[in-house]
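Below is one structure; the comments refer to it alone.
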Amino acid sequence: MNRWSIYIDVEGFSEIYKRRQRDAIQALGELMEALFFVASKKFSTAPERLFMHQFGDGFVVVSDFIEPTPQRPIAICLAIMRHLIGRGVATKAAISGGDFADISSCYPERVLAASQDRRHVNIGEGVMTIIPVMGMALIAPYKLANRRSGAVLLLDSTIFVSLPIGVIAQPGSPAVIDWIHSVFPLVTEVAKTAGLVTPDASVTEAHLQSYIDDNRITLGADWITSTLESVGMASSSL
């Protein structure tokens, strides 16, 4: 068993960026801020501390230690996804696991010699930015997220067999978690401590439907159908 990891990103970021660059950056900032609040206000110390790294329009979130159940990563995703859709930002998240380590020592010494922090490398008057960490904790959830379109929450069922009581999921590989209607105490605790707004299911449904109505042409029918089916709203207007 490995440390759990989450890959979460802003849905439709590239399309938003092409049309409204400022809105895309703002959406990314909303995700960044929500993650920051969860990590700094709720899970700030060992053994619950979290490690987060940005990759483009998404973040990988990795636990400090191995945990036998997916309770914490699911609670984090539910709180953040509900908070963000209420602010007009749709997200996709995938939960898996794997190793994660600082690999900068494996990089060429002649490159690292030009860096003071092993992250930014001087290249004449320019700068090369290198990623110091890597592992299956990033690769596994990222690949998992690509297996289904839409604003969905996916869980690697080959790693996690049991789910917290209150989680509604469509079984399969991956399992698809209903991020609007699933509820258990830790979700409320995470949201309250981190200062995230997570309204009840009916309000969250309305936020999602409003997002779809406002972006219907850009999203496309497949994205909309996948999203609505994942949260038990398939009967909503397509």
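Being among the basic types (Lys, Arg), at negative phi and without any contact (Cβ under 8 Å) to a residue 24 or more places away in the chain is the filter here; which residues of the stretch 88-125 pass it?
Once the filter is applied, which keeps residues that are among the basic types (Lys, Arg), at negative phi and without any contact (Cβ under 8 Å) to a residue 24 or more places away in the chain, the stretch 88-125 yields ARG110, ARG119.
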Problem - Residue ranges of helices (runs of 4 or more DSSP H) in the stretch 1-88 with at least 3 members surrounded by 22 or more Cβ atoms within 10 Å (Cβ to Cβ) - result: 21-37, 71-85
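Could you please give the count of residues in the stretch 89-101 that are farther than 30 Å from ASN215 by Cα and buried (at least 24 other Cβ atoms within 10 Å of the Cβ)? Step through it out loud before you land on a result.
Start the filter on the stretch 89-101 by keeping residues that are farther than 30 Å from ASN215 by Cα, which leaves 97-101.
Still in the running and buried (at least 24 other Cβ atoms within 10 Å of the Cβ): 97.
Count: 1.
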Exercise for the section: Quick one: THR227 ticks every box in (1) modelled with pLDDT of 95 or more; (2) surrounded by fewer than 20 Cβ atoms within 10 Å (Cβ to Cβ); (3) in a helix (DSSP H, G or I) except a single one, so which number is it? Expected result: (2)
Problem - Subset of the stretch 70-96 that is polar (S, T, N, Q) and within 12 Å of the chain's Cα centre (by Cα) - its residue that is nearest to ILE165 (Cα to Cα) - result: SER96
Handout entry: Hits in the stretch 17-45 (condition: touching a helix residue (DSSP H, G or I) at 6+ places or on another chain (Cβ under 9 Å), of a type in the set (Val, Ile, Thr) and free of Cβ contacts under 8 Å to residues at least 12 places away in the same chain)
Key = ILE25
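Looking at the stretch 165-208 only, could you name the residues that are in a helix (DSSP H, G or I), among the small types (Gly, Ala, Ser) and out of contact with any Ser or Thr (no Cβ under 8 Å at 6 or more places or on another chain)?
Within the stretch 165-208, ALA194, ALA201, SER202, ALA206 qualify.
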Exercise for the section: Count, please, the residues in the stretch 1-51 that happen to be over 21 Å from ALA151 (Cβ atoms), modelled with pLDDT of 95 or more and among the charged types (D, E, K, R). Expected result: 4
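So that you can scan it fast, the table gives a plain yes or no per residue for (1) in contact with a Leu (Cβ under 7 Å, 6 or more places away or on another chain); (2) among the polar types (S, T, N, Q):
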position	(1), (2)
VAL187	yes, no
THR193	no, yes
PRO199	no, no
VAL203	no, no
LEU208	no, no
ASP214	no, no
TRP223	no, no
SER226	no, yes
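The values are calculated or read from the model by the stated rules, or taken from the named source; none is laboratory data. Bear in mind that the values here come from a model prediction, so they are computed numbers and not experimental data. Note that we place each Cβ from the backbone using ideal geometry, even for glycine, and neighbour counts take in every protein chain shown.
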